[in-house]
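> Let me begin by handing over the structure; questions about it come next.
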């Protein structure tokens, strides 16, 4: 009876240990699921916050009232670059495009160049960077405003869109001393500016020739 009881006790302990392992595994899986959901919700929140910030910045920006094309290296005083493209830059990487070694690939992003042991006449081989590979340093982003020898510049003025003076149901400006810019537009799209302020530009069209420009005008 003593041996049998001991066997039963050991069996129960093993079963209890297995049960605890299963419960621990389930709890770990559940916690990982919660962590993943939390990270996903945090990412969605940050993404929404970026959109919200962009909307606020757009509504606080002054409208464009004039456009100019220049062949200079920068816009005239009072103007800013209107059309540009941002090159995001590059991370540190290894360029092996000049290597003839079949065991390497062309690029190694965020990694050092591969090493290989070369026989240089000593008792032991010398481990060094694979021939034809070179480490490239990271480069900062670049705002590209040169559009093939010219740049488009913009001048801003008036009130930011969040403070813009609108029109009432009759299409009249709601503030004295202001003039409606687009009388042919719908009431909800009507905007007014001060008498000494230029109306903002709301659309732009490009012409490939003088004849096409004449048709647009």
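Please treat every number below as a calculation from the coordinates, not as lab data. It should be emphasised that the depicted structure is a prediction, and the values quoted were computed from it without experimental measurement. Quick reminder, even Gly has a Cβ in these numbers, built from the backbone with ideal geometry, and neighbours come from all protein chains shown.
> Test of understanding: extend the Cα→C-beta vector of residue 197 to 7 Å, then name every residue of the range 46-90 with backbone N under 16 Å from that spot.
59-66, by backbone N distance to the label point.
> Got a sec? How would 98, 156, 134 order by Cβ neighbour count within 10 Å, fewest to most?
98, 134, 156
> Quote the relative contact order of the range 143-217 in percent (integer), defining contacts as alpha-carbon pairs under 8 Å separated by 6+ residues.
24
> With a cut-off of 8 Å between alpha carbons and a minimum separation of six or more residues, what is the relative contact order of the range 93-137 in percent?
47
> While we're here: With 10 angstrom as the radius, rank 129, 179, 97 by how many other C-beta atoms surround their C-beta, starting from the fewest.
The order, fewest Cβ neighbours first, is 97, 179, 129.
> Taking the Cβ of each residue in 111, 85, 155 as the centre, tally the other Cβ atoms inside 10 Å and list the residues starting with the fewest.
The most exposed by this proxy come first: 85, 111, 155.
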